[in-house]
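**Student:** Below: one structure in structure tokens.
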């Protein structure tokens, strides 16, 4: 029987330069937009049009509808524990350069699996009730200024996704079955001085400059670090990429003992080789 889950956490990216940046600086938590349409059931949208007096949840929902807010962005780095024997569809979508980290490292660093939500289960309603009880009374105004502190509700929402929804990939919007990704996530919260936004709404992220500035801050303040011993695999698309990666590893980790560098170099492997052998 094949392995259901990998004992490693994989992170893949599109370009060699991105992989080298991770090796040198750690995993960079960028703002990624999450589909939050599951928060607003279709029957609720229709019902709200008939009502005049609002409670907190209804007021918040009306604002989400009014401003056409269907996504929210959190700073995050994403991983998966899909077995290597089934990784091809994932790498075809996200890229063929990547790292495989020990799952022990991920748990130690606070990574957590995503909780996937089914439209017809009771879970979305339970979460809506939780939000209603736990978001502070002035949250609506704060929410639309993107200054809401990282309270329990926001932290919880960072780890929730619908089974199926929309996302942006290479500048295009696509529909995806998210549960197939077996995602683990690193989603840092800002500090008490709010040195980077805890989230960006889609109406607030219309400015590419704001997104770029926010990402630059998270790279400086919240990158996820590791040691060479935390790495199990270094992936490249084909064997022809291996010499460049080896040379760069020797540069990046020049201050580490030679035996540690040699062990790290032994972990470089091409996905082409994996596809042939797994």
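The values are calculated or read from the model by the stated rules, or taken from the named source; none is laboratory data. The model shown is predicted, which means the values in this text are computed figures rather than measured ones. Reconstructed Cβ throughout: ideal geometry from the backbone, glycine too, with neighbour counts over all protein chains shown.
This table checks each residue for (1) exposed (fewer than 15 other Cβ atoms within 10 Å of the Cβ); (2) without any contact (Cβ under 8 Å) to a residue 60 or more places away in the chain; (3) under 29 Å from residue 116 (Cα atoms).
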{"residue": "227", "(1), (2), (3)": "yes, yes, no"}
{"residue": "231", "(1), (2), (3)": "no, no, yes"}
{"residue": "240", "(1), (2), (3)": "yes, yes, no"}
{"residue": "245", "(1), (2), (3)": "no, no, no"}
{"residue": "252", "(1), (2), (3)": "no, no, no"}
{"residue": "255", "(1), (2), (3)": "yes, yes, no"}
{"residue": "259", "(1), (2), (3)": "yes, yes, no"}
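**Student:** Answer yes or no as to whether residue 82 is modelled with pLDDT of 95 or more, surrounded by 19 or more Cβ atoms within 10 Å (Cβ to Cβ) and in a loop (DSSP other than H, G, I, E, B). Give the steps one after another, and end with the answer.
**Tutor:** Details: modelled with pLDDT of 95 or more: yes; surrounded by 19 or more Cβ atoms within 10 Å (Cβ to Cβ): yes; in a loop (DSSP other than H, G, I, E, B): yes.
Yes.
**Student:** Quick check, is residue 211 over 30 Å from residue 8 (Cβ atoms), within 17 Å of the chain's Cα centre (by Cα) and modelled with pLDDT under 80?
**Tutor:** On the way: over 30 Å from residue 8 (Cβ atoms): yes; within 17 Å of the chain's Cα centre (by Cα): yes; modelled with pLDDT under 80: no.
When the stated conditions are applied, residue 211 does not pass them.
**Student:** If you don't mind, another one. Quick one: is residue 185 on the phi < 0 side of the Ramachandran plot, at pLDDT 95 or above, touching a strand residue (DSSP E or B) at 6+ places or on another chain (Cβ under 9 Å) and assigned to a strand (DSSP E or B)?
**Tutor:** Numbers: on the phi < 0 side of the Ramachandran plot: yes; at pLDDT 95 or above: yes; touching a strand residue (DSSP E or B) at 6+ places or on another chain (Cβ under 9 Å): yes; assigned to a strand (DSSP E or B): yes.
Judged against the criteria, residue 185 is a match.
**Student:** Also, quick follow-up: Could you say whether any residue in the stretch 254-267 is touching a helix residue (DSSP H, G or I) at 6+ places or on another chain (Cβ under 8 Å), within 18 Å of residue 18 (Cα to Cα) and part of a loop (DSSP other than H, G, I, E, B)?
**Tutor:** No; the residues of the stretch 254-267 include none that is touching a helix residue (DSSP H, G or I) at 6+ places or on another chain (Cβ under 8 Å), within 18 Å of residue 18 (Cα to Cα) and part of a loop (DSSP other than H, G, I, E, B).
**Student:** Do the conditions hold for residue 102, that is, is it at pLDDT 95 or above and under 11 Å from residue 9 (Cβ atoms)?
**Tutor:** Working: at pLDDT 95 or above: yes; under 11 Å from residue 9 (Cβ atoms): yes.
Answer is yes for this residue.
**Student:** Which condition number in (1) under 24 Å from residue 104 (Cα atoms); (2) surrounded by 12 or more Cβ atoms within 10 Å (Cβ to Cβ); (3) in contact with a helix residue (DSSP H, G or I) (Cβ under 9 Å, 6 or more places away or on another chain) is the one that residue 166 fails?
**Tutor:** (1)
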